[in-house]
Amino acid sequence: MDGLVTLRKLRAKGHKMPVIMCSSLTQRGAKVTIEALACGASDYVGKPTGQVDRQAATKALSLELIPKIQALTSPQKSFQVLAPRLPLTASFAPPPKAQPINSVPVALAIGVSTGGPAALDILLPAFPENFPLPILIVQHMPELFTKLFAERLNGRCPMRVQEAAEGMPVLAGSIYIAKATGI
């Protein structure tokens, strides 16, 4: 069983623990990385290459892997990553009363980060081909991945899925993944 099969089986059995994929195949821009994220991986690291010896490779892997483990396992760090401008002791006012909507929506917007690929992999195929609005998605994802992610979803969804480009017309019945820039 490889890592993807193991991950799928864990998620199918309802296990929710964070998973960081580590493989020579999980490199920036790799299709297998998109697949791992869509299957529920929390993050990924690539096995270090081009190191002079095993000790150097272990150090390089540690430098990338340990902060990701800490971010996924520390509630305080996770909260700070999600809301860096809010002190941990922030008090929140109750939300204002809902106001009636006086206009017709022109688009459905979705913003996601960790866990987003797996959630979108379930959610987006459920939309019918004739959905009356464009769907605009911002997925916190490194450059090179958004195009591969859009291509993967396009093969799974009744609606057309594509990476958005500047000046592109936004049409009902289509899904647009925002292009990552400099993450």
Query raised in the report: In this structure, is residue 55 open to solvent by 80 Å² or more (accessible area, probe 1.4 Å), outside any loop (DSSP other than H, G, I, E, B), at pLDDT 75 or above and at negative phi?
Result: yes
Query raised in the report: Do the conditions hold for residue 47, that is, is it within 15 Å of residue 68 (Cα to Cα), at pLDDT below 80 and open to solvent by 40 Å² or more (accessible area, probe 1.4 Å)?
Result: yes
Query raised in the report: Is there a residue in region 114-124 that is in contact with a Leu (Cβ under 9 Å, 6 or more places away or on another chain), at pLDDT 70 or above and more than 21 Å from residue 32 (Cβ to Cβ)?
Result: no
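Let's see how each residue does on (1) under 15 Å from the mean Cα position of the chain (by Cα); (2) surrounded by fewer than 13 Cβ atoms within 10 Å (Cβ to Cβ):
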| position | (1), (2) |
| --- | --- |
| 117 | yes, no |
| 135 | no, no |
| 139 | yes, no |
| 143 | yes, no |
| 153 | yes, no |
| 168 | no, yes |
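The values are calculated or read from the model by the stated rules, or taken from the named source; none is laboratory data. Because the structure is predicted, anything quoted here is derived from the model rather than measured. Heads up, the Cβs are rebuilt from the backbone with ideal geometry, glycines too, and the neighbour counts pull from every protein chain shown. We work out accessible area using only protein heavy atoms, side chains counted, and drop any ligands, DNA or RNA first. Shrake-Rupley method; radii C 1.70, N 1.55, O 1.52, S 1.80 Å.
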